[in-house]
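The values are calculated or read from the model by the stated rules, or taken from the named source; none is laboratory data. Values in this document were obtained by computation on a predicted structure and should not be read as measured data. Methodologically, a virtual Cβ is constructed for each residue, glycine included, from the backbone with ideal geometry; neighbour enumeration extends over all protein chains shown.
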Amino acid sequence: MSARTWSPALFYNLGNAYFRAGDAGHAILNYRRALVLDPHHPEAEANLRVARDRARALDLRPDALESYAAWASADTYAIIGALAFWMVAFLLVNTFRRQRRATTVRMSVLTAGVLILVASLSALYLFKTGRSGRALGIVTGHEVQARVATAENASSVLPLPPGSEVKVLSRRGDWVYALLPNDSRGWIPAYAVELVRL
């Protein structure tokens, strides 16, 4: 792993090893990492469901746009966006080069291309910044409490079982400020949370 030669199989096998060792937090973390590299890894999906159920892990709820955008991977949206960009560029150059009036069909295709380009770029933005984007963290510690302040004696906002999802918003010293599964926010000890994306 130090050479950064990661594969879905590596994280899937790490998840299995942690699961057998009884470490649900790290098992769920590694299954999620496998799914980041291969969103359609059926064994990782199945084992993730089993591990979450056993650990009673809490999940972040995606909003409507994120749920809709989840039908394809970020790579698929990038390819669709690139194709739409080149289609729009070709039509614009062709229209201006020949100095003809744009026909209704050409303008319709151009408009559709621009809309597809905007939609794919929006989906890519959601993948990067949404609840399951780069800031997605998994609670790996045991008996973790999200707190209202950066102190162990501060009031608890929510108990987080191992494997629970959080969205890391910021860091302050040994603490992480995160969006929690109940849509509130709280401080979690930094040692108890790991980001899914490396």
**Prompt:** Has region 162-169 got any residue that is of a type in the set (A, V, I, L, M), outside the structural domain of Asp53 (by TED's automatic domain parsing) and under 15 Å from the mean Cα position of the chain (by Cα)?
**Reply:** no
**Request:** Answer yes or no as to whether Ala89 is among the hydrophobic types (A, V, I, L, M, F, W, C), over 25 Å from Leu65 (Cβ atoms) and modelled with pLDDT under 85.
**Result:** yes
**Message:** When you scan region 57-71, do you find a residue that is at pLDDT 95 or above, more than 19 Å from Ala192 (Cα to Cα) and charged (D, E, K, R), even just one?
**Reply:** no
**Request:** Filter region 31-65 down to residues that are within 18 Å of Gly137 (Cβ to Cβ) and of a type in the set (Val, Ile, Thr), then give me how many there are.
**Result:** 1
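Any chance region 31-44 includes a residue that's surrounded by fewer than 13 Cβ atoms within 10 Å (Cβ to Cβ) and of a type outside the set (Ser, Thr, Tyr)?
yes
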**Asked** Can you pull out the strands (runs of 3 or more DSSP E) entirely within region 116-198 that have at least 1 residues that are surrounded by fewer than 13 Cβ atoms within 10 Å (Cβ to Cβ)?
**Response** 156-160, 165-172
**Message:** Just the residues that are on the phi > 0 side of the Ramachandran plot and either modelled with pLDDT of 90 or more or of a type in the set (A, V, I, L, M) (or both), please, taken from region 140-154.
**Reply:** none
**Request:** Test Thr103 against the criterion of being at negative phi, surrounded by fewer than 15 Cβ atoms within 10 Å (Cβ to Cβ), of a type outside the set (A, V, I, L, M, F, W, C) and at pLDDT 80 or above, and give yes or no.
**Result:** no
**Request:** Report yes if some residue within region 6-20 is closer than 30 Å to Val157 by Cβ, in the same structural domain as Ser184 (by TED's automatic domain parsing), charged (D, E, K, R) and at pLDDT 85 or above; otherwise report no.
**Result:** no
